[in-house]
Amino acid sequence: MLTDKKLVITGVLSKDSIAFEVARQAQELGAEVVLTGFGRARRLTERTAKRLDGPPDVIELDVNKPEDLTALRDDLAERWGRVDGVLHAIAFAPEDALGGRFLETPPESATMAFQTSAYSFKALAVALADLYPPEGASVVGLDFDATVAWPVYDWMGVAKAALEATSRYLARDLGPRGVRVNLVSAGPLGTIAARGIPGFRDLATAWERQAPLGWDVEDPEPVAGTICFLLSDMARGISGEILHVDGGFHAMGTALDPGAAFNGAVAQEEEAPA
């Protein structure tokens, strides 16, 4: 599905990262990948990269530094001459922008959350624009449903709303070049970043009550598989979309009684004619 694709994957910190699972699946599907990291956290990325085939190279990238974006483009131009796909798995909000302090958050913290979590999606996609081949490319970002307000998520929720709008405008402006831009809105997963959000466990338990398919916060495979699909030519007609991979949580109006739903399904099956 991804044979010979050249993919840039950001956001790998540990083997529990969604981005790590994307890289692993992409390699299995035939892609060649490079990872990015920066600062002290880059050492975590390099250590985790050893768990992948190759292992893939890790390129320095702080998405808030234009010089790093330029250096990434130049490296990939020399290395591959093209980029077929990009995963943006980057988000950050200062501590005072999370955890129920929405009304007290200073503007500089809200700005940092926006710049790193939303504007950087545009910055990364545009920095590599000259390397997208004539037949097209795919840019995918990681989202968390921003159509509603969540407990403790605060200005990161606002940043995710900006990310969703950014993806639509990118889809508009890059579409004539054959570049698809999409987001995957994932249910909560137990990544390093997620565990850093105050009250994450309380938020995650909501999926146990409301997702009709169920939800395993320790299993990134369904999310990663959907991202690989969007990076592939099988998704060549999809752009400006937000695909929910959350066990169906987003479509339910209220929490379910999983036992009742299961028993009802069994009873209906038993009553069906042979």
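Among 106, 55, 220, whose mean-square fluctuation peaks in a Gaussian network model of the chain (Cα, cutoff 10 Å)?
So, out of 106, 55, 220, the one fluctuating most is 106.
Compare the peptides 30-42, 174-186, 60-72 by average per-residue count of other Cβ atoms within 10 angstrom and give them in order, highest first.
174-186, 30-42, 60-72
With θ taken as phi - 60° and the coefficients 6.51, -1.76 and 1.60, list the Karplus ³J(HN,Hα) couplings across the range 27-42 in order, rounded to whole Hz; mark glycine and proline as x.
4, 4, 8, x, 7, 9, 10, 10, 10, 10, x, 7, x, 5, 5, 4
Assuming a ≥ b ≥ c are the square roots of the Cα gyration tensor eigenvalues, decide whether the range 1-82 counts as rounded (a/c under 1.5), prolate (otherwise, with a/b larger than b/c) or oblate.
Here the range 1-82 falls in the oblate category.
Give the lysines whose C-alpha is closer than 25 Å to that of residue 160, dropping any in the same chain fewer than 8 places away, or say none.
15, 65, 122
Extension gain residue 126-residue 209, at 0.36 nm per residue separation less the Cα-Cα distance, in nm?
25.9 nm
Looking at the range 50-120, which trypsin sites (Lys or Arg not before Pro) are DSSP coil and have at most 10 other C-beta atoms within 10 Å of their C-beta?
Filter output for the range 50-120: 50.
Would you work out which of 181, 211, 148 lies farthest towards the positive end of the dipole of the range 145-246, given +1 charges on the beta-carbon of Lys and Arg and -1 on that of Asp and Glu, about the Cα centre?
After comparing all options, I get 181.
P(r) tail for the range 1-139, what percent of Cα pairs lie past 23 Å?
Percentage above 23 Å: 36.
Roughly how big is the chain's charge dipole about its Cα centre, with Cβ charges of +1 (Lys, Arg) and -1 (Asp, Glu), in debye to the nearest 20?
It works out to roughly 660 debye.
Counting Lys and Arg as +1 and Asp and Glu as -1, each charge on the Cβ, what is the dipole of the range 14-144 about the Cα centre in debye, to the nearest 20?
300 debye
Working out 0.36 nm times the residue gap between residue 234 and residue 67, then minus their Cα-Cα distance, what length gain in nm do you get to one decimal?
Result for the pair: 56.7 nm of gain on full extension.
Which percent of the accessible heavy-atom area of the range 42-169 goes to carbon and sulfur, probe 1.4 angstrom?
Result for the range 42-169: 54 percent of the exposed heavy-atom area is carbon or sulfur.
Rounding to the nearest 10 and keeping the result within 0 to 90°, find how far the Cα-based axis of helix 200-210 lies from the longest principal axis of the chain.
Approximately 50 degrees, to the nearest ten.
With a bin width of 5 angstrom, please list the P(r) values of the chain as percents of all Cα-Cα pairs, from the 0 bin to the one holding the largest distance.
Bin by bin from 0 Å, the calculated values are 1, 6, 12, 16, 19, 17, 12, 8, 5, 3, 2, 1, 0, 0.
What are the semi-axes of the equivalent ellipsoid of the range 111-213, taken as the square roots of 5 times the eigenvalues of the Cα gyration tensor, listed largest first and rounded to whole Å?
In descending order, the three semi-axes are 29, 15, 11 Å.
With the Cα gyration tensor of the range 43-90 giving a ≥ b ≥ c as the square roots of its eigenvalues, does the rule (a/c under 1.5 for rounded; else a/b larger than b/c for prolate; else oblate) give rounded, prolate or oblate?
Cα axes put the range 43-90 in the oblate bin.
Between 114, 102, 144, which gets the highest mean-square fluctuation from a Gaussian network model of the chain, Cα cutoff 10 Å?
102
Classify the range 77-153 from the C-alpha gyration tensor, please: rounded if a/c falls under 1.5, else prolate or oblate depending on whether a/b exceeds b/c.
prolate
Amide H to amide H under 5 Å from residue 138: which residues, 5+ apart in sequence or cross-chain, H placed 1.01 Å off N in plane?
Residues meeting the criterion, in which the H sits 1.01 Å from N, are 85, 86, 180.
Build a GNM of the chain with springs between Cα atoms under 10 Å: which of 44, 231, 98 gets the top mean-square fluctuation?
With Cα springs under 10 Å in the chain, the top fluctuation among 44, 231, 98 is at 44.
The values are calculated or read from the model by the stated rules, or taken from the named source; none is laboratory data. What you see is a predicted model, and the numbers here were worked out from it, not measured in a lab. Note that we place each Cβ from the backbone using ideal geometry, even for glycine, and neighbour counts take in every protein chain shown. We work out accessible area using only protein heavy atoms, side chains counted, and drop any ligands, DNA or RNA first. Shrake-Rupley method; radii C 1.70, N 1.55, O 1.52, S 1.80 Å.
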